[in-house]
1. Which of Glu43, Glu174 comes first, and how do the rest follow, when ranked by fewest Cβ neighbours within 10 Å?
2. Which pairs, out of Lys69/Lys161; Lys68/Lys161; Lys113/Lys161; Lys41/Lys158; Lys126/Lys161; Lys69/Lys126, put more than 20 Å between their alpha-carbon atoms?
3. If you average 1/r over every pair of different alpha-carbon atoms in region 136-187 and take one over that average, what Kirkwood value in Å do you get?
4. If you take the square roots of the eigenvalues of the alpha-carbon gyration tensor of region 49-184 and sort them as a ≥ b ≥ c, do you get rounded (a/c under 1.5), prolate (a/b over b/c) or oblate?
5. Report the gain in length on full extension from Ala91 to His106: 0.36 nm times residue separation, minus Cα-Cα distance, nm rounded to one decimal.
6. Pop the C-beta distance of Thr134 and Glu43 into the FRET formula with R0 = 25 Å and round what comes out to the nearest 0.05.
7. For region 85-135, what class follows from the C-alpha gyration tensor (a ≥ b ≥ c being the square roots of its eigenvalues): rounded when a/c is under 1.5, otherwise prolate if a/b is larger than b/c, else oblate?
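Just so it is clear, none of the values below were taken in a lab; they were calculated from the coordinates. Remember, predicted model here, so these are calculated numbers, not experimental data. Note that we place each Cβ from the backbone using ideal geometry, even for glycine, and neighbour counts take in every protein chain shown.
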Amino acid sequence: MMSLSRYKAGVFPFSILGLVSNYTVAQYKPHKSTCNEASVKNELHRQFEQEEPLAVIVSNLTYVRVGKKWHYVCLFVDLFNREIIGHSAGANKTAELMYQAIASIHDNLNDVKMFHTDRGKEFDNKLISESLETFGIQRSLSVKGCPYDNAVAEAMFKVFKTEFANGAHFSSLEQLVLELALEFTEH
């Protein structure tokens, strides 16, 4: 067995052997967008340990390369067991993408007590607000500019990208949607 320092491993042209690291991939350069200025407070207060299923679900969006373009993936995570309970993918970062993720949840939404996200503009939408209100789900938003308030969702995306997205080649949005369904839908 051969061992290399990080420096030598970074300099060695592993690509000639057909090897590519999951940690060195093309990076999306996000565009600055306005933030969700809703008067909703942070009701979660970083209480990431929950004692019952569906008490709190957290969500966020990330980007994945599809062909030569970036597309978005939305995941819903149950804080009780860190399980992905809902997902969607789309070409744009919209409220419809969030709504599709809500619709993909197979559990009874009446059991969900709180929905927590960051202050992304895509979460500030009448459709989402009405959906949450219909099921009596309390809304919670991170403090502006504080990613630690949504740390579980952020950490889940790190795992998602490392284990699922990086190294995968999605030729179409339909393929990405199918792969997500196969990976995260209960069988």
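1. By the 10 Å Cβ count, ascending, the order reads Glu174, Glu43.
2. As for pairs spanning more than 20 Å Cα to Cα, those are Lys113/Lys161; Lys41/Lys158; Lys126/Lys161; Lys69/Lys126.
3. 13.5 Å is the Kirkwood radius here.
4. Values: a/c = 1.56, a/b = 1.50, b/c = 1.04.
The shape class here is prolate.
5. 3.0 nm
6. Details: r = 19 Å, r/R0 = 0.75.
About 0.85, to the nearest 0.05.
7. oblate
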